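The numbers here are math on the coordinates, done by the rules we state, and not lab data. The structure presented is a predicted model; accordingly, all values stated were derived computationally and were not measured. Neighbour counts run over all protein chains shown; Cβ positions are idealised from the backbone, glycine included.
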Amino acid sequence: MTPPIARPFPRFIADTSREKRPYGRWEEQLKEAFLAACSKLAAEAGTELDLEALRFYPERSWGRRTFVPVVGRGSGEGSGTEFYGHLSFDRDSDGEPGELRVEADFTDVTADDNPDWKLDLNDDVVGQWQADGSRGGDVTLIWGTPLVRGAIAVTAELDGDVIDQAAVNDGRFSLMAVDAVHGFGDDLFLEVVLWDRSLNTIASESLYEAGEEDPEEDEVEP
């Protein structure tokens, strides 16, 4: 028997992928929906989405919804803009997708301009985890690409505990885990870790941006 634990973090909360990536008419439908969302950002981004450069990542399901992450480039030769986001849907009793939702954004900070990166990650909060009292955290979808050779698996770790894992397929992976956990002492943030065939760590990256400071800490008392 195992006694109650002090930090009951949820582990492996998401279903694994039914399909590694969409295909056929369903793929075309997702492309059109993501293109429409990115078109609303085109003026601010300074470019349109290059539909042919879209890369879908393995789907993950949590609750009643399935999430399909996606990344794409801006159109035009030499465009330094990257669009990213995810499409999500629920499934009816027959397993058919419905109620499609799209989240899209863009960035000009890309792996092409950062040769020292070992992981190219995107993440988005898709829900909340509530524990007893005021404890809880952000249910976070993570998708990315290894930028080093030999990666076959990836884990999401919270203070040393593995709470999700996935295989790396065609240089892509998706994770779903609780991040920014509060109420158990210091706030805890996810670390994404890449593993090779011999189960050696070959890269890791925290979702917490150490360069970002709490605005309250910047305030100077008069």
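Of the residues F12, F34, the one with the fewest other Cβ atoms within 10 Å heads the list, and the complete ranking is F12, F34.
Magnitude of the charge dipole for the chain, about its Cα centre and with charges confined to Cβ atoms of Lys, Arg (+1) and Asp, Glu (-1), is about 1480 debye. From the Cα gyration tensor of region 24-206, with a ≥ b ≥ c the square roots of its eigenvalues, which class applies: rounded if a/c is under 1.5, or else prolate if a/b is larger than b/c, or else oblate? The shape class here is oblate. Taking amide H positions as modeled 1.01 Å from N, with prolines and chain starts lacking one, the residues under 5 Å from V168 and 5 or more places away or on another chain are A153, V154.
A DSSP coil position with no more than 10 other Cβ atoms inside 10 Å describes the following GluC sites (Glu not before Pro) in region 69-138: E77. Largest mean-square fluctuation among A104, A36, A167, in a Gaussian network model of the chain whose springs join Cα atoms under 10 Å apart, belongs to A36.
What is the local net charge at A177, summed over the other residues whose Cβ is closer than 9 Å to its Cβ (Lys, Arg +1; Asp, Glu -1)?
Working: positive: R11; negative: E157, D164, D179.
Summing Lys and Arg as +1 and Asp and Glu as -1 gives -2.
Coupling constants for region 157-174 follow from the phi torsions by the Karplus curve (6.51 cos²θ - 1.76 cosθ + 1.60, θ = phi - 60°), and in residue order they are 10, 10, 6, x, 9, 6, 10, 7, 7, 7, 7, 8, 10, 6, x, 9, 8, 9 Hz; glycine and proline get x. Each Cα pair under 8 Å and six or more residues apart adds its sequence gap; the mean of these over the residue count of the chain is a relative contact order of 15 percent.
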